[in-house]
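S.K.: Just passing along the structure, written as structure tokens.
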Amino acid sequence: MNFLSSEDQIAYRDSVATMLAAEVTAESIRSRWNSPKGVDEKVIQQLNEMGLNAMLVPESCGGLGLSEQDFILLAQECGRAALPEPLVDNVLVANAMLADIACSDLDSAQQCKDLLSEVVTGKVMLACGHWINPFINMADINEWLLLSHGDEVHLVENSAVELLPQRSADPSRRIFTVNWQPSGETRIANGEIGAGLWRRALNRGALGVAAQLIGLSESILHRAVEFTTDREQFGRPVGSNQAVKHLLADCAVSLEFAKPVVARAAYTIGANSSDADYAVSHAKVAASRAAQLSARHGMQVHGAMGYTWECDLHIWMKRCWAIDKTWGDAGFHKNRIHERLLDPSTLMGAEHTFTSITSETFNSQKGAV
Amino acid sequence: MDLRYTASEESFRIEVRQWLEENVPSESLKSFDTEEGFDQHRAWEKTLASDNWGMVTWPKEYGGRGCNLIQWLIFEEEYYRSGAPLRVNQNGIFLLGPTLMEYGTEDQQARFIGAMASGEEIWAQGWSEPGAGSDMAAIRSKAVREGDDYIINGQKIWSTRAVFADWVFCIFRTDPESTRHHGLSFILVPLDAEGVTVRPIDQLNGLPGFAEIFFDDVRVPAFNRLGEEGEGWAIAMSTAGFERGLMLRSPARFQEATKKLVALYQTKRNDILDLSLEDAVVLCYLDAEAYALSTYATASRLMAGGHIGAESSCNKIFWSELDIKIHETAMRLLGARGELLPESEDFSEDLGVWLDGFLFAQSGPIYAGTNEVQRNIIAERMLGMPRK
């Protein structure tokens, strides 16, 4: 039993965090808002060079064979930087889903393997349109899309679909609805197989949101502390007032008790544990509560400045508000927990926190199909 | 990261479970805030100590098992699972014990730790005074050195378990010229000493769970001082760290409570009109699990050489608020019958247990440092916000 990340994991995270801190500033995010695609090609390229696209692809398919545990540390940093590029969904959901099929014995495996070899090098980009999400963020920058038709999985070329741009409250998001026609040619997994794949994709997507929400909240909290330390009223920093301190202390408490939950969720997905649905839903609910509180209190302590377009705070707040409802809203995830509580086979009690994880065959490799 | 128990952790769990199954009293004990219940709980401490299960993290030479923190968590999980009695000597074993090991001389450790572990001597805590609550540095009670003794005068209040306990550990002002946190010393006082008067204070449930202690020219040997004269504040702070840290409220306590809450919810579910109760039950369950995961994460960090700092204040806020949420939710599920006291004619055992827990939960955000003080600590020491 050990809850700590390894030194390698920390080192990888730190290298990505350093790059993001240098390249993704509030100023550069604002300049993306006025660009046609809303992305910085250089940042996409740098993250690809750091191996992100290959992370969750098995070594047998030319990837790095790393796990969700490794990736969420990076996803938190993407949140901290409010990175506009849709990297977390692409890598954690789309690339991993394609790898699941490529490593299976489905008829479409070879086709997926071929495409995967181009995805891991960053030559082409792949997004995932899950039925639970009404929009795909930045669908237009991807050459390929994984789309759902019922539970079937379809692999469709971008040129074969109609993308309808929609406007998000978060100016960093470029969301699209997709018009397309499924066919036998585009289908790469039938509904029976697809149900498991979509379920796994949803868990990974929700995990990615939870991890980003942690980073976003920490960044908001950091900004709020800085602002209330510098800003003076009545001849002293506003942050010296208990009423202000307590608002931010509550955010810190909420975050402290969300972080290990997100870490456990990543572990259960990587281990193919039967606890994954529950653990991911818990992570999403916990991170969402921390993020909503941080956005609310973070803005409150900024006073009127926090309500302006000029103050950078809304870059982080709006991301929290927007992605919070993606990959299953609170109702969806709380309902999964509620079902667990009513299920007579659920092992309840203090001694069972890690029972399933310990007793099930540990399998860090893929095997979803 | 590896969230599986090792084979040795699993076999430790089985060993704990077997011992508890053979030894936990089949009938629940009376409250330790009654004379009869106190004696029953003292006997249970002796039973635990007889097989070195009293404090598993203590070194073997002090009657422990030298367990690491993961093993401690496993022990606690099994302890709550078995329905074993509450720990009447928690002031001693969780707070004073570790402090003695850190600051006590060999002679002091030999004198006090064994008797504490066996339940022979039960401890009360004596820090607060009428004028020193959250502001503990305002302590005025004095201990004046006279030869090899201290002469103590003053008053302590809110001393948990002091009504039936044998000893109390206190902080007194040993330098009469000093102010605030200077000039204080950590001194152990037998409650049967001449000049000590204990006045019980009834708590919300009507039982004397704490007391006022009056000291009128009480003479204790200087041997009873822990650490150097004037070091009392630093020692008390380290004790407070233990209290708010990991040990005082293990997650198992709340996981067992939410297990019972979910069972209660299942029996009431079809009659519920208040739809927000579903959400409340789900959140209680999640928060109890989150507290467990966080404690495992902290234990891993401490075992790798890390420290627990202001995070212990986060813990204290989280478990005390969770305890209130769990019991409020249970009272909402019980509805109008929830007000029934255990001795009522219409009494069913669960009603009394939830009510008792509900009343006790109200004290959580106050004792061991109010949650407002904890929020100040988090803001200033964890987040780095300005003090003034």
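S.K.: Evaluate E = 1/(1 + (r/R0)^6) for B:R180 and B:N205, where r is the Cβ-Cβ distance and R0 equals 30 Å; express this FRET efficiency to the nearest 0.05.
M.R.: Calculated transfer efficiency: 0.25.
S.K.: For chain B, build the charge dipole from Cβ charges (+1 Lys, Arg; -1 Asp, Glu) around the Cα centre, then report which of B:Y79, B:F210, B:N68 sits farthest towards its positive end.
M.R.: Looking along the dipole axis, the top candidate is B:N68.
S.K.: Shifting gears a bit: Show that you can apply the helix-only estimate: for the protein assembly as shown, add -39,500 (n - 2.57) for every DSSP H stretch of four or more residues, divide by all residues, and state [θ] at 222 nm to the nearest 500.
M.R.: So the calculated ellipticity at 222 nm is -15500 deg cm²/dmol.
S.K.: When all alpha-carbon pairs of chain A are counted, what percent fall beyond 25 Å?
M.R.: 54 percent
S.K.: Across peptide B:7-13, what mean number of C-beta atoms from other chains lies inside 10 Å of a residue's C-beta?
M.R.: Mean shielding count: 1.
S.K.: Among all stretches of chain B without exposed GluC sites (Glu not before Pro) (DSSP loop, at most 10 other Cβ atoms within 10 Å), which one is longest?
M.R.: Longest run free of exposed loop sites: B:28-176.
S.K.: What lysines sit close enough to B:K156 to cross-link, taking a C-alpha to C-alpha distance under 21 Å and skipping anything fewer than 8 places away on the same chain?
M.R.: Result set, ordered by chain and number: B:K142.
S.K.: Taking the Cα-to-Cβ direction at B:L86 and at A:A330 and moving 7 Å from each Cα, how far apart do the two end points lie in nm?
M.R.: The two pseudo-label positions are separated by 3.3 nm.
S.K.: Oh, and also: In whole angstrom, how far apart do the alpha carbon centroids of the range A:153-202 and the range B:202-232 sit?
M.R.: 70 Å
S.K.: Same structure, new question: Just need the relative contact order of the range B:210-317 here, percent rounded to a whole number, with Cα pairs under 8 Å and 6+ apart.
M.R.: 37 percent
S.K.: Okay, next question. For the range B:123-232, what's the radius of gyration and Dmax over Cα atoms, in angstrom?
M.R.: Just the Cα atoms of the range B:123-232 yield Rg and Dmax of 13.2, 45 Å.
S.K.: Evaluate E = 1/(1 + (r/R0)^6) for B:I272 and B:L359, where r is the Cβ-Cβ distance and R0 equals 30 Å; express this FRET efficiency to the nearest 0.05.
M.R.: After rounding to 0.05, the efficiency reads 0.80.
S.K.: Can you give me the C-alpha center-to-center distance between the range B:290-367 and the range A:46-100, rounded to a whole angstrom?
M.R.: Taking the Cα centre of the range A:46-100 as reference, the centre of the range B:290-367 is 39 Å away.
S.K.: Distance cut-off 28 Å, Cα to Cα: go down the list A:K325/B:K325; B:K268/B:K325; A:K259/B:K388; A:K113/A:K334; A:K318/B:K260; A:K259/B:K316 and report the pairs above it.
M.R.: With Cα atoms farther than 28 Å apart: A:K259/B:K388; A:K113/A:K334; A:K318/B:K260.
S.K.: At most 12 other Cβ atoms within 10 Å and a DSSP loop assignment: could you name the trypsin sites (Lys or Arg not before Pro) in the range A:77-161 that fit?
M.R.: Those that pass, being in a loop and sparsely packed, are A:K123.
S.K.: So if we plug the beta-carbon distance of B:V24 and B:S50 into 1/(1 + (r/R0)^6) with R0 = 22 Å, what FRET efficiency do we get, rounded to 0.05?
M.R.: 0.95
S.K.: Using +1 at the Cβ of each Lys and Arg and -1 at the Cβ of each Asp and Glu in the protein assembly as shown, identify which of A:G150, A:W180, A:A75 lies farthest towards the dipole's positive end.
M.R.: A:W180
S.K.: Tell me whether the range A:45-161 comes out rounded, prolate or oblate; compute the Cα gyration tensor, take square roots of the eigenvalues as a ≥ b ≥ c, and use a/c under 1.5 as the rounded threshold.
M.R.: Oblate is the answer for the range A:45-161, as a/c is 1.5 or above yet b/c matches or exceeds a/b.
S.K.: Something else: Please compute the contact order of chain B in relative form: average sequence separation of alpha-carbon pairs under 8 Å and at least six residues apart, divided by the residue count, as a percent.
M.R.: Worked out over chain B, it gives 13 percent.
S.K.: If you don't mind, another one. More than 13 angstrom separation, counting every C-alpha pair in the range B:123-184; what % is that?
M.R.: 62 percent
S.K.: Still on this model: Among the chymotrypsin sites (Phe, Trp or Tyr not before Pro) within the range B:297-388, which fall in a DSSP loop and have no more than 14 other Cβ atoms within 10 Å of their own Cβ?
M.R.: Of the chymotrypsin sites (Phe, Trp or Tyr not before Pro), the ones in loops of the range B:297-388 whose Cβ has at most 14 other Cβ atoms within 10 Å are B:F347.
S.K.: Return the average number of partner chain Cβ atoms within 10 angstrom of each residue Cβ along peptide A:335-341.
M.R.: If you average over the peptide's residues, the count of other-chain Cβ atoms is 4.
S.K.: Let's see if you can work this out: charge +1 on each Lys and Arg Cβ, -1 on each Asp and Glu Cβ, no other charges. What is the dipole magnitude of chain B about its Cα centre, in debye to the nearest 20?
M.R.: 1120 debye
S.K.: Then there is this: With a cut-off of 8 Å between alpha carbons and a minimum separation of six or more residues, what is the relative contact order of the range B:1-151 in percent?
M.R.: 21 percent
S.K.: With +1 on the Cβ of every Lys and Arg and -1 on the Cβ of every Asp and Glu, and nothing else charged, how large is the dipole of the range B:123-232 about its Cα centre, in debye rounded to the nearest 20?
M.R.: Here the size comes out at about 300 debye.
S.K.: I would also like to ask the following. Return the whole-Å distance between the Cα centroid of the range A:9-34 and the Cα centroid of the range A:308-328.
M.R.: Cα centres, the range A:9-34 to the range A:308-328: 17 Å.
S.K.: How would you classify the range A:233-313 from its alpha-carbon gyration tensor, with a ≥ b ≥ c the square roots of the eigenvalues: rounded for a/c under 1.5, else prolate if a/b is greater than b/c, otherwise oblate?
M.R.: prolate
S.K.: Kindly work out what percent of the DSSP beta bridges joining two residues of the range B:123-232 are antiparallel, to the nearest 5.
M.R.: 85 percent
S.K.: Report the one residue of B:G37, B:W19, B:G54 whose Cα lies farthest in the direction of the positive end of the charge dipole of the range B:7-88 (charges on C-beta: Lys and Arg +1, Asp and Glu -1; origin at the Cα centre).
M.R.: Going by the Cα projections, it comes out as B:G54.
S.K.: Under a crude label model (7 Å from the Cα following the beta-carbon direction), how far is A:S359 from A:M305 in nanometres?
M.R.: Computed distance between label sites A:S359 and A:M305 equals 5.5 nm.
S.K.: In Å, what Kirkwood hydrodynamic radius results for the range B:187-243 from the alpha-carbon pair distances?
M.R.: 13.6 Å
S.K.: Right, something else. Give me a single rounded figure for A:241-253: the average over its residues of other chain Cβ atoms within 10 Å of their Cβ.
M.R.: Across the residues of A:241-253, the mean count of other-chain Cβ atoms within 10 Å is 6.
S.K.: For each of B:S294, B:S8, A:S60, count neighbouring Cβ atoms within 10 Å of the residue's Cβ, then give the residues from fewest to most.
M.R.: With the fewest neighbours first, B:S294, B:S8, A:S60 line up as B:S8, A:S60, B:S294.
S.K.: Sort A:T353, B:T267, B:T370 by Cβ crowding within 10 Å, fewest neighbours at the top.
M.R.: So the residues, fewest neighbours to most, are B:T267, B:T370, A:T353.
S.K.: Same structure again: Which value, in debye to the nearest 20, describes the size of the charge dipole of the protein assembly as shown about its Cα centre when Lys and Arg Cβ atoms bear +1, Asp and Glu Cβ atoms bear -1, and nothing else is charged?
M.R.: Once rounded to the nearest 20, the dipole reads 1880 debye.
S.K.: Taking only the alpha-carbon positions of the range B:1-77 and ignoring solvent, what does the Debye formula give for the base-10 log of I(q)/I(0) at q = 0.12 Å⁻¹?
M.R.: -0.41
S.K.: Also, quick follow-up: Starting from the Cα of A:K284, draw a straight line to each of the aspartates and glutamates and keep only those under 12 Å, dropping any in the same chain fewer than 8 residues away.
M.R.: Qualifying aspartates and glutamates at Cα under 12 Å: A:D324, A:D329.
S.K.: Let me ask something else. In 10 Å bins starting at 0, how do the alpha-carbon pair distances of the protein assembly as shown split up by percent?
M.R.: 3, 13, 21, 22, 18, 12, 7, 3, 1, 0
Quick note: the coordinates plus some simple rules give every number you see, no bench work behind them. These figures come from a predicted structure and were not determined experimentally. Neighbour counts are summed over all protein chains in view; Cβ atoms, including those assigned to glycine, are modelled from backbone coordinates with ideal geometry.
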